[in-house]
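Data block below; observations after.
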Amino acid sequence: MSASVLLASSMTMVVLLLGLVVDGGRQLAAQQRAEAIALQAARAGADAGAAGSLVGAFDAARAGHAARQALGDAGVEGRVSVADARIRVVTEVSSPTVFLAAIGIGSVSAEGRAEAALLPRTP
């Protein structure tokens, strides 16, 4: 095997490994962002619904609206469900790739999930 073939194959492997490291890091960052935004939206929903519980009833409509508003403010797509004083949020975040775009993978995506519940205070 000639030195030029060995060098070319070695460089190809280095670029592929670099791509996996860089774009793998982008995947991890997207996952962390998706989870953080889901947590933020679930907390916002729980806080908004808690105001109604002061007068005796959890305000599910207000909780859902606040959670959706938090998603909108973050510029993230997601789903919100409210049931039994529990707010569940699922977010979807994508990030463009740098190196993997060369082989047809233009973006990496991640999903974040969070739940917040308003628990009654026990004396």
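Just so you know, all these numbers are worked out from the coordinates, no wet-lab data involved. Values in this document were obtained by computation on a predicted structure and should not be read as measured data. Cβ coordinates were reconstructed from backbone atoms using ideal geometry, including for glycine residues, and neighbour counts include every protein chain displayed.
How do the pairs read when you match residues in region 10-28 that are over 11 Å from V98 (Cα atoms) and without any contact (Cβ under 8 Å) to a residue 12 or more places away in the chain with residues anywhere that are of a type in the set (F, W, Y) and part of a helix (DSSP H, G or I), using Cβ under 6 Å and keeping only pairs 6 or more apart or on different chains? So the pair list comes out empty.
Within region 10-31, the presence of a residue that is within 11 Å of I87 (Cβ to Cβ) and among the basic types (K, R) is excluded.
Please verify whether G75 is small (G, A, S) and either under 18 Å from the mean Cα position of the chain (by Cα) or farther than 23 Å from L119 by Cβ (or both), treating the condition exactly as stated.
When the stated conditions are applied, G75 passes them.
Evaluate the following for G19: is it in contact with a helix residue (DSSP H, G or I) (Cβ under 7 Å, 6 or more places away or on another chain) and farther than 27 Å from V90 by Cα? Can you show your working first?
Details: in contact with a helix residue (DSSP H, G or I) (Cβ under 7 Å, 6 or more places away or on another chain): yes; farther than 27 Å from V90 by Cα: yes.
When the stated conditions are applied, G19 passes them.
Condition check: in contact (Cβ under 8 Å) with a residue 40 or more places away in the chain, assigned to a helix (DSSP H, G or I) and in contact with a Leu (Cβ under 7 Å, 6 or more places away or on another chain). Does G45 satisfy that? Against the criterion (in contact (Cβ under 8 Å) with a residue 40 or more places away in the chain, assigned to a helix (DSSP H, G or I) and in contact with a Leu (Cβ under 7 Å, 6 or more places away or on another chain)), G45 does not qualify.
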